[in-house]
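The values are calculated or read from the model by the stated rules, or taken from the named source; none is laboratory data. These numbers were taken from a predicted model, which means no experiment stands behind them. Here Cβ is always computed from backbone atoms with ideal geometry, including for glycine, and neighbour counts include all displayed protein chains.
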Amino acid sequence: MAKRNKQNTDKLHSCIIDAIEEKKGNDIVSLELGKLPNAICQHFIICHADSTTQVSAIAENIEDKVNENLQEKVWQKGGYDNSIWVVLDFVDVVVHIFQTEWRQFYKLEDLWADAKKTTY
């Protein structure tokens with residue numbers, strides 16, 4: 001899958017944030033990884049929810065909104081089995097939706113502490 005231009009990546013990023021907010025995702029954070037050495041994507045978007053049902057609802061809403069508004073499908077996804085941590089990979093943007101306790105356990109933001117952080 002080819003990388004997007006910056007404008008298309010920004011549209012994707014914005015669509016994902018809106019979809020998370022629509023389903024009441026908590027503590028939404030975007031980490032800008034693109035300028036870091038060995039970055040695997042341009043952005044990580046991270047949020048959490050209080051139940052596995054809400055984790056799934058957020059992930060499904062992201063997939064639906066991106067498909068509906070940008071005519072794009074997720075490239076890879078995982079974690080729907082138990083919905084404690086769902087990952088959606090859109091190549092330039094990777095979304096992590098945690099159940100609250102698992103976000104606190106993995107502390108993903110701390111692993112990328114050098115990245116520029118934006119909170120929504």
* Cβ pairs under 6 Å, 6+ apart, first in the range 37-54 and closer than 16 Å to Leu88 by Cβ and crowded, with 19+ Cβ neighbours inside 10 Å, second at pLDDT below 95 and β-branched (Val, Ile, Thr) -> Gln42/Thr9
* Asked: Of all the residues that make up the range 16-36, how many are part of a strand (DSSP E or B) and either among the acidic types (Asp, Glu) or farther than 22 Å from Val91 by Cβ (or both)?
  -> 3
* Asked: Among Asp64, Asp18, Asp92, Asp81, which is the only one that is under 12 Å from the mean Cα position of the chain (by Cα), on the phi < 0 side of the Ramachandran plot and at pLDDT 95 or above?
  -> Asp18
* **Residue ranges of strands (runs of 3 or more DSSP E) in the range 61-120 with at least 3 members touching a strand residue (DSSP E or B) at 6+ places or on another chain (Cβ under 8 Å), in contact (Cβ under 8 Å) with a residue 24 or more places away in the chain and within 15 Å of Cys15 (Cα to Cα)** => 93-99
* Answer yes if at least one residue in the range 93-109 is within 15 Å of Ala19 (Cα to Cα), touching an Asp or Glu at 6+ places or on another chain (Cβ under 9 Å) and among the polar types (S, T, N, Q), and no otherwise. => no
* Structure fact -> For the range 40-55, the count of residues that are within 22 Å of Glu109 (Cβ to Cβ) and either of a type in the set (S, T, N, Q) or at pLDDT below 95 (or both) equals 6
* Asked: Can Lys24 be described as at pLDDT 95 or above and at positive phi?
  -> yes
* Asked: Regarding Gln7, is this residue surrounded by 14 or more Cβ atoms within 10 Å (Cβ to Cβ), modelled with pLDDT under 95 and of a type outside the set (A, V, I, L, M, F, W, C)?
  -> no
* To do: From (1) farther than 19 Å from Lys24 by Cα; (2) buried (at least 22 other Cβ atoms within 10 Å of the Cβ), pick out the condition that doesn't hold for Val66.
  => (1)
* So Glu68, is it farther than 13 Å from His43 by Cβ and in contact with a helix residue (DSSP H, G or I) (Cβ under 8 Å, 6 or more places away or on another chain) -> no
